[in-house]
Amino acid sequence: LIKTDLKGNIVRQVAGDEHNAGLQLRDGKLYAALCDMGKWARQGPTPPDPLTVRVFDAETLAFIEDKVLEVNDYAGSFTFLSDGTCLVGCLRAKDMPIDGVRYHHFDRNFKLIQTHVHRNLKVPMGIEVIHTHGDYIYLAIYPDRTSGVKRGILVKLDQNFNEVARYDHAGQMGLIFDGPYVWTGGVNWDLKNGPRAYLSRSLAFETVSETY
């Protein structure tokens, strides 16, 4: 877990043995849903462990506590909603339907409100990013390459978790709304020189206008 200044200089970092699935700030604390990617890769028929949200001090990155949730699953993403409740988006587990992705809605005290399965999404991994903007919730998902989708699937939901729109847009490595623009992260997998991270700025979901 790394904290940088606005120029990209590292000011704090702490080691961890699990994947931090989504980072959220609230009241001076940093929240991350944890996922053991090794267990996900060699998973059995059902998720073996409860979802856990780890809480850090946002200034020092010191560990504060683990919020152990009442659902067994594999976390892929995490976000707070405007009312203080939160969503944990999940990676694909073997017990999930082949045409759906799963996310869980928890109250302010991290007690389960409802589990949602979003259908008509045949994807290999699950939900990598959940982000809110205005009155909408966005789910960013790696596509099934056989589906014809080139970059990724971005699903737009209303506050009642009904789908409003769907885009061919890569938001799986980060999604930030900035006025009329949308910033997304990505990686070019260069086998000779190693992976290179980049940012793309889009004016509309369908067209990438600038890459950095």
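The values are calculated or read from the model by the stated rules, or taken from the named source; none is laboratory data. Since this is a predicted model, take the numbers as computed values, not measurements. Methodologically, a virtual Cβ is constructed for each residue, glycine included, from the backbone with ideal geometry; neighbour enumeration extends over all protein chains shown. Just so you know, the surface numbers come from the protein's heavy atoms only, side chains and all, with ligands and any DNA or RNA stripped out. Shrake-Rupley method; radii C 1.70, N 1.55, O 1.52, S 1.80 Å.
Miscellaneous remarks
- The distance linking region 8-35 with region 38-64 is 11 Å (Cα centroid to Cα centroid, whole angstrom).
- Partner lysines for Lys29 [C-alpha distance under 20 Å; skip if fewer than 8 residues away on the same chain]: Lys3, Lys67, Lys111
- For region 1-155: relative contact order, % (alpha-carbon pairs under 8 angstrom, 6 or more apart): 15 percent
- Label-to-label distance, Asp95 versus Val68, with points set 7 angstrom from Cα along the beta-carbon direction: 1.8 nm.
- Over region 33-125, Cα pairs under 8 Å with separation of 6+ residues give a relative contact order of 22 percent.
- Proximal charge balance of Ala21 [Cβ under 15 Å; K/R count +1, D/E count -1]: -2
- All other residues whose Cβ lies under 14 angstrom from that of Leu30 are scored, Lys and Arg at +1 and Asp and Glu at -1, for a net of +1.
- For the chain, the extents of the C-alpha atoms along the principal axes are 43, 41, 39 Å, listed from largest to smallest.
- If the convex hull is drawn through the Cα atoms of region 25-97, its volume per residue in Å³: 94 Å³
- Nitroxide proxy distance, nm - points 7 Å out along Cα→Cβ at Thr85 and Leu112: 1.5 nm
- Residue ranking by accessible heavy-atom surface, 1.4 Å probe, largest first, among Thr184, Thr60 comes out as Thr60, Thr184.
- Å² per residue, accessible surface of region 78-137 at 1.4 Å: 45 Å²
- Note on region 40-109: with neighbouring protein chains present and a 1.4 Å probe, carbon and sulfur make up 50 percent of its accessible heavy-atom surface.
- Measuring nothing but how far apart in sequence close Cα pairs (under 8 Å, 6+ apart) lie, relative to its length, region 85-128 scores a relative contact order of 44 percent.
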